[in-house]
Amino acid sequence: MKGVLSSVRRRYGGVATSLILVSCGLWALGLVVLPQLMMIDYSFRPSLPPAKQGGPEDIYTLANYAALYGNPLNLAIFLKTIWSSALVTATALVVCYPVAFFLARMAVGRTAGLLFIALVIPYWINEILRTFSWLLILARNGFVNTVLLDLGLTQEPIIFLGTTPAILVGMVYAYVLFMVFPIYNSLESLDPHQIEAARDLGAPWWRIHWRIAIPHAKPGIAVGCIMTFMLAAGTYAIPAILGGPKSRWFTEVIYSQFFEALNWNRGAAYAFILLIMCLGFIALMMRLFRVNLAEVTR
Amino acid sequence: MQFSRKLQVGGRDPALGQGVSLDGVTMRFGDFLAVDDVSIDIAAGEFFSFLGPSGCGKTTILRLISGFVEPTAGRILIGGQDMAGIGPNKRPTALIFQNLALFPLMPVWENVAFGLEARGVAKQERRRRAEQLLELVALDGSGDKRVNELSGGQRQRVAIARALAVEPKVMLLDEPLSALDLKLRQHMRAELRTIQRRTGVTFVYITHDQSEALTMSDRVAVMSQGRIEQIDVPDAIYNAPQTAFVAGFVGEINRFAGHVVAADARHAVVETDVGRLRGVNRQALRPGERASIFIRPERMRADGAANPADENSFEAVLDRVGFEGNVVNLFLRTNAGREIIAQQHNSDDLSGLSSGAWMTLRFAPDSAAVLPAEGRFEAAA
């Protein structure tokens, strides 16, 4: 950090360097730190009409946080959101590890290039549009139901939309890249001779993955899991489009606290509860994979 | 760093080697012919080396024997059994990679025991066998270390122990010493040879380093451009090369190109730019054929008398003297500008030599080889 600063100063001089520092500081303070501090302050105060704000009832309290436990419906949605995000993460890992392995270790030349393009192009399209395409696929008379009916696997169209599985499918699809690339990155640095050596010593393919490739890819797997989980837990668009009243996501609860109940204080408290759960998940992942911050940010 | 005298590994008899046969093996990668119709029989328990420049196909042969690639044509047999369709994890071979390919995330003992783990040996037994093998390669007590805590030579020995753990019938080594410094390399040569003798495992060794191949091997196959040039015991490879490539690739050699003017069953005479030279006619050359005659520097006798009268003698002017202690290299130049090296034992006769002196060089016909000048060797020589 010190080295970076002194090299910047050498190149641009003292005045420009202070300007850069001050603008960065203002940006961080004004757009990141202060709003968050404000939300923390909100979350510990009761929701009061403007007249009573600053009055004797405006005291710090944990009531907004406790409110989640007092509301079984919201609590259930919260727990389901955490659990479902974990499920999305696990599913994405199972789907993406083979893809990443194939890309990193087996695909060569044109095949690799085409696969990369096939993976990246969907991400040029807006997330909401991509999610809408799943609406068409999963609709009552959509692609999946047409195929199932034509094959005679079902007599009646199946209702997918508005259910939790629909949301999970949409999310796994939406976050595939965030899981593939970190794993791809870490697998790419694996010496192919290690895989050959393991094979030569008699290991079947699954043991090569279990003992050689997966341990090597651990930092990438941890990063992929953290990103996917955070995105899944924090998404609003996908449950809003693919879900229904019975499959509400906790972000939707937070949204309604802010913009429907106009209770910013409780909304802020809910948002922080979600944030703390996510941080807890990161800590758990890092513990589980025995990786440290230096490895993850590498 | 002596290996322990312990012969037995894991309480079993030392694993005895099996022979390897290549029968008309050809390997193509697209348009590139990496291995061209190679047939060899490597005996059980033999230390066999493939020697050749990089890109000559020797590594491909090793990968064919280990099973990582299947030959385009031909058969590979190990212990008399056809290996077609048998994967590398099912063959009785163990490969030591050029970069060793140790597993950096496992402690040393798990590296050594990896093959046993793959065979379903219980953990306690694995640990015990790993310790025995580590003792065999003089690394006892290093089982719990990380691979990156070891020196280059120690890693080398972990790789050997890891390969021995699976009790292979054939050990395949892909230039495993090339990353070591000279002194350690020479030491490891002797140790590899000792391990090979003690275990009785067949060693197939790949190298581009001729002294490595000549000092360790029972037999050497010299390869060039996917083909076997010569298979022989080390001293025949050096003293009786069968092709111009072998003569030029292995060791220093003086070469005179020309054409054959006289030949019989034993000798051939080549007309060169220093006159007519007689050498052993191993390839039954006939008069008129293009050929080169090859003479080792240590077979060249040089003396001050400037009177070339006999056969197999010619004049050259001394360029410089390279003093190496026990031997002295004389660098000379012929009238035609050709550079000659003559190696002499250090003696009083050599004192007082100075650049610019004319000398007469001689050699015995039996110490020179007349070999066909084939186009494809011209570039290499």
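Quick look at the numbers
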item	result
Extended-chain gain in nm, criterion 0.36 nm per residue less alpha-carbon gap, residue A:110 and residue A:214	34.8 nm
Amide H contacts under 5 Å for residue B:227, placed H, 5+ residues apart	B:36
Shielding of B:77-88 by partner chains, average beta-carbon count, 10 Å	1
Spin-label model distance (nm) - residue A:48 vs residue B:189, 7 Å beyond Cα toward Cβ	9.1 nm
Amide H contacts of residue B:205 (H built 1.01 Å from N, under 5 Å, at least 5 apart or other chain)	B:48, B:49, B:50, B:173
Segment residue B:73-residue B:353, extension gain: residue separation times 0.36 nm, minus the distance between their alpha carbons	94.9 nm
Fully extended contour minus Cα-Cα distance, from residue A:150 to residue A:29, at 0.36 nm per residue	37.7 nm
Partner chain coverage, peptide B:118-125 - average Cβ within 10 angstrom	2
Solution diffusion estimate, µm²/s, Stokes-Einstein, the stretch B:252-375, Kirkwood Rh from C-alpha pairs, 37 °C, viscosity 0.692 mPa s	223 µm²/s
Considering only chain B, percent of DSSP beta bridges that pair antiparallel, nearest 5	75 percent
Largest-first principal axis extents, alpha carbons of the stretch A:187-298, Å	65, 31, 19
Antiparallel content of DSSP bridges confined to the protein assembly as shown, in %, to 5	75 percent
Residue-wise HN-Hα coupling along the stretch B:90-95, computed from phi with Karplus coefficients 6.51, -1.76, 1.60 (Hz; x: Gly, Pro)	10, 8, x, 10, 9, 9
For B:94-106, mean number of other protein chain Cβ atoms within 10 Å	5
Average Cα contact separation per residue, the stretch B:2-239, under 8 Å, 6 or more apart, as relative contact order %	30 percent
C-alpha long axis of helix B:108-118 to longest principal axis of chain B, angle in °	70 degrees
Value of relative contact order over chain A, rounded to a whole percent, pairs C-alpha under 8 Å and six or more apart	25 percent
Rounded to whole Hz, the Karplus (6.51, -1.76, 1.60) HN-Hα couplings of the stretch A:126-138, x for glycine and proline	4, 4, 5, 5, 4, 5, 4, 5, 5, 4, 5, 5, 9
Integer Hz, Karplus 6.51/-1.76/1.60 couplings in order for the stretch B:208-222, x for Gly and Pro	10, 9, 5, 5, 4, 5, 6, 6, 8, 8, 6, 9, 10, 10, 8
Modelled FRET efficiency - R0 60 Å, residue A:80 with residue A:12, Cβ distances, 0.05 increments	0.70
Label-point separation in nm, residue B:366 to residue B:32, each point 7 Å along Cα→Cβ	4.6 nm
Kirkwood estimate for chain A, i.e. one over the average of 1/r between Cα atoms, Å	22.8 Å
Förster-model FRET efficiency, 30 Å R0, residue B:336 and residue B:240, C-beta, rounded to 0.05	0.65
Ellipsoid equivalent to the stretch A:1-116 - semi-axes via the Cα gyration tensor, in Å	43, 36, 10
Degrees between helix B:182-199 axis and first principal axis of chain B (Cα, 0 to 90, nearest 10)	60 degrees
Binned Cα-Cα distance frequencies in the stretch B:2-239 - 10 Å width, integer %	8, 33, 36, 19, 4, 0
Inter-label distance, nm, simple model (7 Å from Cα along the C-beta direction), residue A:62/residue A:20	4.6 nm
For the protein assembly as shown, diffusion coefficient by Stokes-Einstein and Kirkwood Rh (Cα), 37 °C, 0.692 mPa s, µm²/s	102 µm²/s
Cα-based helix-to-principal-axis angle, B:123-136 vs chain B, degrees rounded to 10	30 degrees
Cut-off 15 Å between beta-carbons: net charge of the residues surrounding residue B:40, Lys and Arg +1, Asp and Glu -1	-4
Calculated FRET value between residue B:148 and residue B:197, using beta carbons and R₀ = 41 Å, to 0.05	0.85
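Here, each number is a calculation from the coordinates, and none is a lab measurement. This structure is a prediction, so every number in the text was calculated from the model and none was measured. Don't worry about glycine lacking a Cβ; one is built from the backbone with ideal geometry, like all the others, and counts go over all protein chains shown.
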